[in-house]
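Step one of this worksheet: look at the structure below.
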Ligand SMILES: *[C@@H]1O[C@H](CO)[C@@H](O)[C@H](O)[C@H]1NC(C)=O
């Protein structure tokens, strides 16, 4: 009889776990401040580290006056809410299994240092814009993320070559970089080619990207399957560009033009034009 009971409980937990793990990133507030306080089995299910594998902290409001902050303070009986306190909880609950971390603009470099210590299995990382001083501390953190495959930046860090070198040295499976709204120099492109040779997807949309640098990427990054250079300034997708890029399965250049004043229009009937929403 006792065994029967236990099995029922186990089944309940499995059900709860499945339900909780299907909640989207917006539900991270419910998972942290509501669900654990409903009852014991809900609390136990919400503490399963597998639920905390994807730490998408970009879709919630973490301001001190947000409903999440108010509930967090009430439940954990603390007087002041901070994003750092929240991420400490989330990272602890993930118990070393977090595979994705998406940080909001109010995250600081200390939060990232914490993540480098407690999230060694990260595969995907999204970073907000950091200050110059904070940026200089980032490259060394990548030595902790050996499994990292994908990095999304708000824009190019001041010393991109240094960052690329660290990723190249430490992250053998790195295949995807998103670094929009940047001024791309020859040095940057050479760093990408040299340090990130396995790159399959590169997004430099809304960047300043001269044609010479674009062609260097196209010719130098041999593994690229997707190159997004939408809404860039610095090149026109002329015959030469399109011919050289035709090896790349998804070459997205819509909205790119030579300079700010130009009225260049993309030929939408072109075979090479790939529309990705
Ligand atoms: C970038 O970092 C590397 C390695 O630390 C350094 O040698 C180089 O001078 C730096 N470049 C700039 C522009 O600061």
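For residue 224, indicate whether it is assigned to a loop (DSSP other than H, G, I, E, B), surrounded by 18 or more Cβ atoms within 10 Å (Cβ to Cβ), modelled with pLDDT of 95 or more and within 22 Å of the chain's Cα centre (by Cα). Please lay out each step first, then the result.
Numbers: assigned to a loop (DSSP other than H, G, I, E, B): yes; surrounded by 18 or more Cβ atoms within 10 Å (Cβ to Cβ): yes; modelled with pLDDT of 95 or more: yes; within 22 Å of the chain's Cα centre (by Cα): yes.
Spelling it out, residue 224 is indeed assigned to a loop (DSSP other than H, G, I, E, B), surrounded by 18 or more Cβ atoms within 10 Å (Cβ to Cβ), modelled with pLDDT of 95 or more and within 22 Å of the chain's Cα centre (by Cα).
Give just the number: which of (1) closer than 20 Å to residue 199 by Cα; (2) surrounded by fewer than 19 Cβ atoms within 10 Å (Cβ to Cβ); (3) within 16 Å of the ligand (Cβ to nearest atom) does residue 157 not satisfy?
(2)
Residues being out of contact with any strand residue (DSSP E or B) (no Cβ under 9 Å at 6 or more places or on another chain) and within 14 Å of residue 202 (Cα to Cα): count how many of those fall in segment 218-260.
Of the residues in segment 218-260, 4 are out of contact with any strand residue (DSSP E or B) (no Cβ under 9 Å at 6 or more places or on another chain) and within 14 Å of residue 202 (Cα to Cα).
Return yes when residue 193 is more than 15 Å from the ligand (Cβ to nearest atom), under 26 Å from residue 220 (Cβ atoms) and part of a helix (DSSP H, G or I) and no when it is not. It would help to see each step written out before you state the result.
Details: more than 15 Å from the ligand (Cβ to nearest atom): yes; under 26 Å from residue 220 (Cβ atoms): yes; part of a helix (DSSP H, G or I): yes.
The answer is yes for residue 193.
For residue 183, which of the numbered conditions (1) surrounded by 16 or more Cβ atoms within 10 Å (Cβ to Cβ); (2) over 26 Å from residue 249 (Cβ atoms); (3) out of contact with any helix residue (DSSP H, G or I) (no Cβ under 9 Å at 6 or more places or on another chain) fails to hold?
The one condition residue 183 does not meet is (1).
Among all residue pairs at least 6 apart or on different chains, which show Cβ distances below 6 Å where the first residue, located in segment 69-98, is exposed (fewer than 14 other Cβ atoms within 10 Å of the Cβ) and the second is at pLDDT below 95?
Filtered contacts from segment 69-98: 75/33; 75/37.
I'm checking my understanding of the structure. Among residues of segment 170-181 that are part of a strand (DSSP E or B) and within 19 Å of residue 130 (Cα to Cα), which one is nearest to the ligand (Cβ to nearest atom)?
177
Search segment 38-65 for residues that are without any contact (Cβ under 8 Å) to a residue 24 or more places away in the chain and pair each with any residue that is surrounded by fewer than 18 Cβ atoms within 10 Å (Cβ to Cβ) when their beta-carbon atoms are under 6 Å apart and the residues are at least 6 apart or on different chains.
none
Quick grid of which residues meet (1) over 20 Å from residue 248 (Cα atoms); (2) within 16 Å of the ligand (Cβ to nearest atom); (3) touching a strand residue (DSSP E or B) at 6+ places or on another chain (Cβ under 9 Å):
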position: 168; (1), (2), (3): yes, yes, no
position: 189; (1), (2), (3): no, yes, no
position: 199; (1), (2), (3): no, no, yes
position: 203; (1), (2), (3): no, no, yes
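Residue-by-condition table, conditions (1) in contact with a strand residue (DSSP E or B) (Cβ under 8 Å, 6 or more places away or on another chain); (2) assigned to a strand (DSSP E or B); (3) over 18 Å from residue 150 (Cα atoms); (4) modelled with pLDDT of 95 or more:
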position	(1), (2), (3), (4)
60	no, no, yes, no
63	no, no, yes, no
72	no, no, yes, no
78	no, no, yes, no
93	no, no, yes, no
98	yes, no, no, yes
111	no, no, yes, yes
114	no, no, yes, yes
125	yes, yes, no, yes
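How many residues does segment 127-150 hold that are more than 16 Å from the ligand (Cβ to nearest atom), within 15 Å of residue 115 (Cβ to Cβ) and in a loop (DSSP other than H, G, I, E, B)?
Matching residues across segment 127-150 total 6.
Which of (1) over 19 Å from the mean Cα position of the chain (by Cα); (2) over 16 Å from residue 210 (Cβ atoms) is the odd one out, the single condition residue 166 does not satisfy?
Residue 166 satisfies every listed condition except (1).
The values are calculated or read from the model by the stated rules, or taken from the named source; none is laboratory data. Since this is a predicted model, take the numbers as computed values, not measurements. Every residue, glycine as well, gets a Cβ built from its backbone with ideal geometry; the counts of neighbours run over all protein chains shown.
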